[in-house]
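What follows is a short report on a single structure.
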Amino acid sequence: MINLKKFAFNPFQVNTYVLSDETGECVIIDPGMQGDSEETEITEYIKNNNLKPVMLLLTHAHIDHIVGNSFIADTFDLKLTAHEDCVPFLINAREYASTFGLTMDKVKDIDNYINEDKDVEFGNSSLKVLFTPGHANGSLCYYSEKDKFVITGDVLFNQSIGRTDLKTGNYDLLQDSIWEKLFTLPDETVVYPGHGPETGIGFEKVNNPFVAIGR
């Protein structure tokens, strides 16, 4: 069984997730920590729970989701895994960081590319990778069929969706990603988004004002 721990980091309140199971192995998704206190918060959680980080994952590469990449990679000797289409965002990451008032001393390059052709595996657990562009090129969601949850990054929120007015955003494409990849999941699937509180697939299918399809 996967245990999920959520942190809200940096001024954008990005949800950073640590997923672990009974083996103690864990994966870290979207490291948004900024500054000593937030870095200490996540490292103390990992230390106090005797966890062993084995993978660093991104849902997408917008600056608020990646400012902690280098810290996590260096602290736990992890390689960065993300979709290949995230590369252009990383090339300009330091410029984006200063624009939005964030600090980024160095940029961690992607070590391993990932797409829907391979699951994420750690400990006794696995996550299905869903390719969901529209908010940003290279967007991925991570779905646990066994534990009935999906981590959606900035694709789907509680009664909202990701912005499409930023570079590489496309409303029609995002809508298709949600309808074809997320709304085909079981209604009882819990949605853990990149910002804000969790929700559910069944609830969003009926109540999301941007993409609701009813029953």
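Run the helix sum for the chain: -39,500 (n - 2.57) per DSSP H stretch of 4+ residues, divided by residue count, reported at 222 nm to the nearest 500 deg cm²/dmol.
Details: 7 runs with 51 residues, N = 215.
For the chain, the value works out to -6000 deg cm²/dmol.
Once you've got the Cα coordinates, tell me which of LYS128/LYS148; LYS47/LYS106; LYS52/LYS148; LYS181/LYS205; LYS128/LYS181; LYS5/LYS181 are over 18 Å apart. Display every interim value, and only then the final one.
Numbers: LYS128/LYS148 11 Å; LYS47/LYS106 25 Å; LYS52/LYS148 23 Å; LYS181/LYS205 12 Å; LYS128/LYS181 11 Å; LYS5/LYS181 24 Å.
In this structure, LYS47/LYS106; LYS52/LYS148; LYS5/LYS181 lie more than 18 Å apart at Cα.
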Place +1 on the Cβ of every Lys and Arg and -1 on the Cβ of every Asp and Glu in the chain, take the dipole about the Cα centre, and give the residue among GLY35, ILE46, PHE183 whose Cα lies farthest towards its positive end. PHE183
Could you tell me what percent of the DSSP beta bridges with both partners in the chain are antiparallel, to the nearest 5? 65 percent
Positive-end residue, the chain charge dipole about Cα centroid, Cβ charges, pick of PHE9, LEU19, PRO193: PRO193
Dipole check, the chain, charges on Cβ (K,R +1; D,E -1), about Cα centroid: among PHE203, VAL67, LEU127 the Cα furthest to the positive pole belongs to PHE203
Computed ³J(HN,Hα) along the range 88-99: with the Karplus parameters 6.51/-1.76/1.60, θ = phi - 60°, integer Hz and x for glycine or proline, the list is x, 5, 6, 4, 9, 5, 5, 5, 4, 4, 5, 4
Using the count of nearby Cβ atoms within 10 Å as a rough guide to exposure, how do ASP117, ASP154 rank from fewest to most? ASP117, ASP154
Bin width 5 Å, alpha-carbon pairs only: give the P(r) of the range 3-207 as whole percents, running from 0 to the bin holding the largest distance. 1, 8, 17, 21, 22, 17, 10, 4, 0
Decide, for the range 73-174, between rounded, prolate and oblate: order the square roots of the alpha carbon gyration tensor eigenvalues as a ≥ b ≥ c, take rounded if a/c falls under 1.5, and otherwise choose prolate if a/b is larger than b/c, else oblate. oblate
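When the chain is fully extended, how far beyond the present Cα-Cα distance does ASP105 get from ASN48, taking 0.36 nm per residue of separation? Walk me through the intermediate numbers first.
Details: separation 57, 0.36 × 57 = 20.52 nm, distance 2.77 nm.
Contour length minus the Cα-Cα distance gives 17.8 nm.
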Summing Lys, Arg as +1 and Asp, Glu as -1, what charge do residues with Cβ under 11 Å from the Cβ of LEU56 carry, LEU56 excluded? -2
List every residue whose amide H lies under 5 Å from the amide H of ASN3, counting only residues 5 or more places away in sequence or on a different chain, with H placed 1.01 Å from N in the peptide plane. SER20, ASP21
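Each reported figure results from applying straightforward, stated rules to the coordinates on display, with no laboratory input. Here the structure is a predicted model, which means the values were calculated and not measured. Here the Cβ is made from the backbone with ideal geometry for all residues, glycine too, and neighbour counts use every protein chain on show.
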